[in-house]
Amino acid sequence: MRFGVCAGLSKAPAVAAAGWDYIELGASGELIPESDEALWVEKRAALLALPLPCETFNLFVPGKLKITGPDTDRPALTRYVHTALARCAEVGGKVIVFGSGGARQLPDGWSAEQAQEQLLWFLNQCADAHETTGVTVAIEPLNRHECNLLHTVAEGAALARAVGRAGVANLADTYHMERNGDETLGDILASADCLAHVHTADTGRRSPGTGSYDHEALFRTLSAAQYTARLSIECTFTDFEAELGPALAHLKQAYRRAQSAG
């Protein structure tokens, strides 16, 4: 299992110094899919010079670029997806997280059936781009307080299965699961066939080890699901640099205990 941190580019030196395996950056801000090649050449050099790899990206599609509703621009979305995944691959990225609550938010008067068709179309563009880049797009279910569409791990897995193509998979985020209040770790196990990435935090989205979330139980579940890829923390820090080391130690200890118990 590789452990990473969702953070901004300027935080990379601290993340590396604390011993994390990779950093998870924002796709729209760091892969700059709407910018021309000249700007990308400079950005790419900066990403490749980081003291640790940027293996995963989140914040995929900006809210202004609508995926659902009457105001979608399919040619623009297609260009955006192919550029983002190509640039992700150029810097060694493996996964892009598709949360993008603003872009996928269901507008008033728009049916869930219409949105489903649009989501399937969008994710098929991602699968097309995967064929030439090898980058996987992981659907991130967002809790009901943050988005009005696609909330649970089970729903994300069902959507990934409906696409049914390589390069489109699911993500489990323990914070969103806790916030929903009606999901269990069993839902992760049930989506094992299409699980490509995991996000976690501690109670109240704090850094791991500062609350009461049972990370050992999470790792037992991931082991049962035969998931061994990556886990990123996505949390609110009180003191970023001071909490990085203890958070990693907490996760590694929970992981070791889970492995011993299994």
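With +1 on each Lys and Arg Cβ and -1 on each Asp and Glu Cβ, and nothing else charged, work out how big the dipole of the range 1-89 is about its Cα centre, in Debye to the nearest 20.
The calculation lands at about 100 debye.
Near the amide H of D173, within less than 5 Å, lie the amide hydrogens of H199, all on another chain or at least 5 residues away, with H placed in the peptide plane.
Take the Cα radius of gyration of the range 2-260 and divide it by 2.2 N^0.38 Å, with N its residue count; two decimals is plenty. Before the final figure, lay out each step's value.
On the way: Rg = 17.6 Å, N = 259, 2.2 N^0.38 = 18.2 Å.
Cα Rg divided by the expected 2.2 N^0.38 Å: 0.97.
Protection proxy ranking, highest mean first, for peptides 228-235, 179-186: 228-235, 179-186, where packing is the per-residue count of other beta-carbon atoms within 10 Å, averaged. Can you tell me what percent of all Cα-Cα pairs in the range 15-56 are more than 12 Å apart? Of the Cα pairs, 60 percent sit more than 12 Å apart.
For T236 and D214, what is the calculated FRET efficiency with R₀ set at 22 Å and r taken between the beta-carbons, to the nearest 0.05?
Efficiency, rounded to the nearest 0.05: 0.65.
Centre-to-centre, using Cα atoms only, the range 124-169 and the range 209-246 are separated by 22 Å. Dipole magnitude for the chain: about 440 debye, using +1 per Lys or Arg Cβ and -1 per Asp or Glu Cβ, origin at the Cα centre. For the range 1-72, the relative contact order is 34 percent, taking Cα pairs closer than 8 Å that sit 6 or more residues apart in sequence and dividing their mean separation by the residue count.
Quick check for you: with a 1.4 Å probe and neighbouring chains kept, what is the accessible area per residue of the chain, in Å²?
Working: 10800 Å² over 262 residues.
That works out to 41 Å² for each residue.
Just need the relative contact order of the chain here, percent rounded to a whole number, with Cα pairs under 8 Å and 6+ apart. With pairs under 8 Å counted, the relative contact order is 17 percent. Peptide packing for 66-72, 242-248, 170-176 was compared via the average number of neighbouring C-beta atoms within 10 Å per residue; ordered from the highest value, the list is 170-176, 242-248, 66-72.
What the Cα convex hull of the range 132-259 gives, in volume per residue, is 116 Å³. At a 1.4 Å probe, what is the % contribution of carbon and sulfur to the accessible area of the chain? Reported share for carbon and sulfur atoms: 49 percent. A simple packing score, the average count of other Cβ atoms within 10 Å per residue, orders the peptides 249-255, 87-93 as 87-93, 249-255, with the highest score first.
Close amide H contacts of E24 (hydrogens built in the peptide plane, cut-off under 5 Å, sequence separation of 5 or more or a different chain): V5, C6, A7.
The values are calculated or read from the model by the stated rules, or taken from the named source; none is laboratory data. Values in this document were obtained by computation on a predicted structure and should not be read as measured data. Note that we place each Cβ from the backbone using ideal geometry, even for glycine, and neighbour counts take in every protein chain shown. Heads up: the accessible areas ignore ligands, DNA and RNA and are worked out on the full protein's heavy atoms, side chains in. Shrake-Rupley method; radii C 1.70, N 1.55, O 1.52, S 1.80 Å.
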